[in-house]
Structures are given as structure tokens and as C-alpha cells.
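Okay, structure first, notes after.
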Amino acid sequence: MIYALTVILLAAAAVGEAAACDPVLTALFTPIRPHVGRYEVCATATPVPDDAEALEALDAFGSAGTYDRARLARVYGGTRVRVQRSWRQQDGEFVSITRLSPYPDAALTRLNSGTLEIRFIVSRGL
């Protein structure tokens, strides 16, 4: 019974951490037509660790997307972005993950306190 309760609580926590992927943010912060793989950009409430790298906004978001660089710099106003990079290989896919916090809204007018996950996913060809 104790184990069943633990499993139920862990499952509920995992559902609560689900990320909401946003095609508008994907279009802003990723290449228009990647040569290989695909991108997902998702917002989540899961925080970036305190020891994450602190970067200037333009360095953190890079130059691949179509976003307005001046507006992005203006919305951050000198605030550094905490960035965590990782990867995983699962179910025949390689996933590179960049987590950024805080992150801008799609209009680049305000910062959100959660975390933005940019995922680059490459599937292994069969």
C-alpha cells in the first residue's frame, strides 16, 4: 500500500511538471528550416538550478531564430539569463536541451519567471 501511494504521488508530480510547447516561441527562437531534426520550444514551471551559467540574453538565445535582437536585449534590460544545457538519448532519438530562465513572452514585452526549454530532436533513421 505504501508503495502504491508513492507511485501515485510521483505520477501526479510528473503530470504537474508537463511543459506547454508553443509554436510561436518555436518560430521565434529556432531556425526556420533545420537541415536535420526538429525543434520544440516549451515553457515549464520547473526552475533552472542556481548554479546554471549566467549569460547575456543575446548570447543565451543565439542567432538562429527570427526574433528581434534589439527587443530581446531591451526586455532583459541587462538581466542575465540562467542557462542549463544537457542532452539525452532515448527511444531512438537524440535530444539536445537548452533551458533558459527567466524567459520572454512571444511579443518580447515582458519576462516570465518560469523556464523555457528549447529542444533539438534528431531521430535515428531506420
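The values are calculated or read from the model by the stated rules, or taken from the named source; none is laboratory data. These numbers were taken from a predicted model, which means no experiment stands behind them. No Cβ is skipped: glycine too gets one built from the backbone with ideal geometry, and neighbour counts run over all protein chains shown. Note: accessible area is taken over every heavy atom of the protein model, side chains too, but ligands, DNA and RNA are not part of it. Shrake-Rupley method; radii C 1.70, N 1.55, O 1.52, S 1.80 Å.
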| Quick check, is Y67 under 14 Å from V41 (Cα atoms), aromatic (F, W, Y) and modelled with pLDDT of 95 or more? | yes
| query | Is it fair to say A27 is in a helix (DSSP H, G or I), modelled with pLDDT under 50 and open to solvent by 50 Å² or more (accessible area, probe 1.4 Å)? | reply | no
| message | If a residue must be surrounded by 12 or more Cβ atoms within 10 Å (Cβ to Cβ) and acidic (D, E), how many such residues does region 77-97 contain? | response | 1
| request: Tell me which residues, restricted to region 98-112, are in a loop (DSSP other than H, G, I, E, B), exposed (fewer than 14 other Cβ atoms within 10 Å of the Cβ) and not small (G, A, S). | output: T109, R110
| task | Return the only residue of G77, G114, G92 being closer than 16 Å to D22 by Cβ and not charged (D, E, K, R). | result | G114
| field | region 113-126 - residue that is of a type in the set (A, V, I, L, M) and touching a residue at least 60 places away in the same chain (Cβ under 8 Å) and, of those, most open to solvent (accessible area, probe 1.4 Å) | value | V122
